[in-house]
1. Taking amide H positions as placed in the peptide plane 1.01 Å from N, state which residues far from Leu325 in sequence (5 or more) or on other chains have amide H under 5 Å from it.
2. Do you know the relative contact order of the chain, to the nearest whole percent, from alpha carbon pairs under 8 angstrom that are 6+ apart?
3. Show which lysines lie in cross-link reach of Lys296 when reach means a straight Cα distance below 17 angstrom and same-chain residues fewer than eight apart are skipped.
4. With r as the distance between the Cβ atoms of Glu37 and Arg338 and R0 = 60 Å, compute the FRET efficiency 1/(1 + (r/R0)^6) and round to 0.05.
5. Nearest 500 deg cm²/dmol is fine: what mean residue ellipticity at 222 nm does the chain get from its DSSP H runs of n ≥ 4 alone, each adding -39,500 (n - 2.57), divided by its residue count?
6. Could you point to the residue in Pro108, Ala87, Thr76 farthest towards the positive end of the range 7-124's charge dipole, with +1 and -1 charges on the Cβ of Lys/Arg and Asp/Glu respectively?
7. Output wanted: per-residue J couplings in Hz (rounded whole) for the range 297-302, from phi through Karplus 6.51 cos²θ - 1.76 cosθ + 1.60, θ = phi - 60°, x for Gly and Pro.
8. As an exercise, use a Förster radius of 45 Å and the Cβ-Cβ distance of Trp355 and Thr30 to find the FRET efficiency, rounded to the nearest 0.05.
Amino acid sequence: MKDHTTCVVTPKVKADGFDPLGVAVHRGSTIVFRTAEDYANRAKRGMDGYSYGLYGTPTTRTLERKLTQLEQGARTFLTPSSQSSNAIAMQAFLSAGDKILIADSCYPPVRDFAVNDLRRQGVSVDFYDPSSPFDLERRIDDVTRMVWCESPGSTTMEVQDLPRIAEIAHRVGALVGCDNTWATPLNYKPLGYGADIVTEALTKYVAGHSDVLMGSITVSTEALAGPVRGVLGRYGIGVSPDDAALVLRGMETLPVRLAYAFESAMELATIFQEHPLVDRVLFPALPGCVGHELWKRDFLGASGVFSVVFTPNASEHVPAALDQLQIFAIGASWGGTRSLVAPMQVRANRSATEWKDEDLLLRVSAGLEAREDLRADVGRLLAAVEEKSRHARVSMSALGGMQYTLNNKQGE
Ligand SMILES: *Cc1c(COP(=O)(O)O)cnc(C)c1O
């Protein structure tokens, strides 16, 4: 063999006896076949076989297998983000003339996808009150092909009665999809409560280090796998094995990270809840929070993400007060090692229900830092909100703000 050729041809080296605990990163677009007949028959290899890098490698299949097991489903597919896993889970099963009913509390980009793209394709899109199976029952009809859930809802944390919802959906032959990002497959198993499809933002807790984007779609039966696999293949959507390896590494520590983040979140949520400028804390694991009973009935645990509703006179001062934080970072996404906060606006993302609380919520994701440092940081934030609110009140009353005080008495 000439040197040029040696450079190109990969020799087979002995691999048996090399048994690492980690998963190898198998990169490959081309898969080679031993015979022309093998190549001609490659489509017959099925979903577990290998025919082209886009459709899966041993690395991505390993991650899919683990997720299938945790979700107690039939098959899992990986996508480059969870926004794409949600969009594809819908796209695979909806045609012109079909209707989808989406929880009003869904991840906002899901609303955008449904309103812009599904409607353009002739799918009828409507939203329902995530907390009211009666509202769902009122809106569902014979052309409804899918009911979309997200439990608890993005930012506002409504826990859904999935068994009731599934019963209503299945009565008209509709599929139930559920975005399970907040709980992760460790703390909630939607397929066991009637969902047919479950999606996860692996980007968040499963990968766990804020350095990779990935989503998953797990289906409850083999019959549902074909349509998802078809759309992924035709749109040419697959994930990098390097990214899959990062998610696999993250998953190994998922249970301990989640448990730690949950304990921290409980402590911080309690500090917020006891502060006079906080109206309520939205965290299903907190006794007294709306949805707590359903959470206790169906979930195995909670993660470290919750939202804070401030009183009307404090709310507007929250964004500026965030600049006082020293440990928490300000940013979107969550579920990483670093604690995060993000001011979120709710009202613009509602159509089936009315958001009656303050429009601005503070979303908090507890990370893995020492709790003492996090408590001190929350103290700094609350002191800054207090300071700014007091200052505003004083300057308003200096302007003859009798009227202001009357209007802003908020039932403390
Ligand atoms: C973050 C998030 C997503 C999107 O995840 P990406 O991987 O960032 O696209 C979807 N659903 C929920 C509930 C989320 O919080």
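The values are calculated or read from the model by the stated rules, or taken from the named source; none is laboratory data. Computed from a predicted structure; not experimentally measured. Virtual Cβ from ideal backbone geometry, glycine too; neighbours counted across all protein chains shown. Heavy atoms of the whole protein, side chains included, go into the accessibility calculation; ligands, DNA and RNA do not. Shrake-Rupley method; radii C 1.70, N 1.55, O 1.52, S 1.80 Å.
1. none
2. In percent, rounded to a whole number, it is 16.
3. Lys189
4. The value I calculate is 0.65.
5. The helix-only estimate for the chain comes to -11000 deg cm²/dmol at 222 nm.
6. Thr76
7. 5, 10, 9, 9, x, 9
8. 0.30
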